[in-house]
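The values are calculated or read from the model by the stated rules, or taken from the named source; none is laboratory data. Computed from a predicted model, the values in this text were never measured in an experiment. All Cβ positions, even for glycine, are placed from backbone atoms using ideal geometry, and neighbour counts span all protein chains on display. With ligands, DNA and RNA removed, areas are computed over all heavy atoms of the protein, side chains included. Shrake-Rupley method; radii C 1.70, N 1.55, O 1.52, S 1.80 Å.
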Amino acid sequence: MAKLYLAWYLAKEQQSRTGTFSPRSDVAPPAGLKPLSAYRLANRYREFVSDEAQLADLRKRFETYTGPVVNKGGVR
C-alpha cells in the first residue's frame, strides 16, 4: 500500500498540483519562484556534518524543544 501511495504522490501529474517544490526535475517550481537548483542552499554542508562537536551541540539544542530521542523499537 505504501508503494502505491508513493507512486501516486510522486507522479508528475500529482507533483504539478501540490504547489510546493517537487523533487522531480521535470516539474516546474511554484509560481513566482526559481528552481531550487538556482538557490545556494548547502553552504559548507559537508564541513557541518563532519564536525562532531557542532552536531552534538545541535542535537542538544533540538532536545530542548522535543525532549530526548527515544527508540521505541520496530524500526531498523
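In nanometres, what is the gap between the two model label sites at ARG61 and THR18, each 7 Å from Cα along Cα-to-Cβ?
Label-label distance for ARG61 and THR18, simple model: 2.7 nm.
If the viscosity is 1.306 mPa s and the temperature 10 °C, what translational diffusion coefficient in µm²/s does Stokes-Einstein give for the chain when Rh comes from Kirkwood over Cα pairs?
Diffusion coefficient, whole number: 97 µm²/s.
Considering only ALA31, THR64, SER16, whose Cα is most displaced toward the positive end of the charge dipole of the chain, charges sitting on Cβ of Lys, Arg (+1) and Asp, Glu (-1)?
Value computed over the given set: SER16.
On C-alpha positions alone, give me the angle between the axis of helix 52-66 and the longest principal axis of the chain, in degrees, nearest 10.
Computed tilt is about 80 degrees.
Can you send over the carbon and sulfur percentage of the accessible area for the chain, probe radius 1.4 Å, protein chains only?
About 58 percent, which is the carbon plus sulfur part of the accessible surface.
Under a 1.4 Å probe, what is the accessible area of the chain per residue, stated in Å²?
Dividing the accessible area of the chain by its residue count gives 95 Å².
Reachable lysines from LYS3, Cα under 23 Å, same-chain residues fewer than 8 places away excluded?
Counting by Cα, and skipping residues close in sequence, LYS3 has these lysines nearby: LYS12.
Residue by residue through the range 7-22, what is 3J(HN,Hα) from phi via Karplus (6.51 cos²θ - 1.76 cosθ + 1.60, θ = phi - 60°)? Round to whole Hz and write x for glycine and proline.
Per-residue couplings from phi come out as 4, 5, 5, 8, 4, 4, 4, 5, 4, 5, 8, 6, x, 10, 5, 9 Hz.
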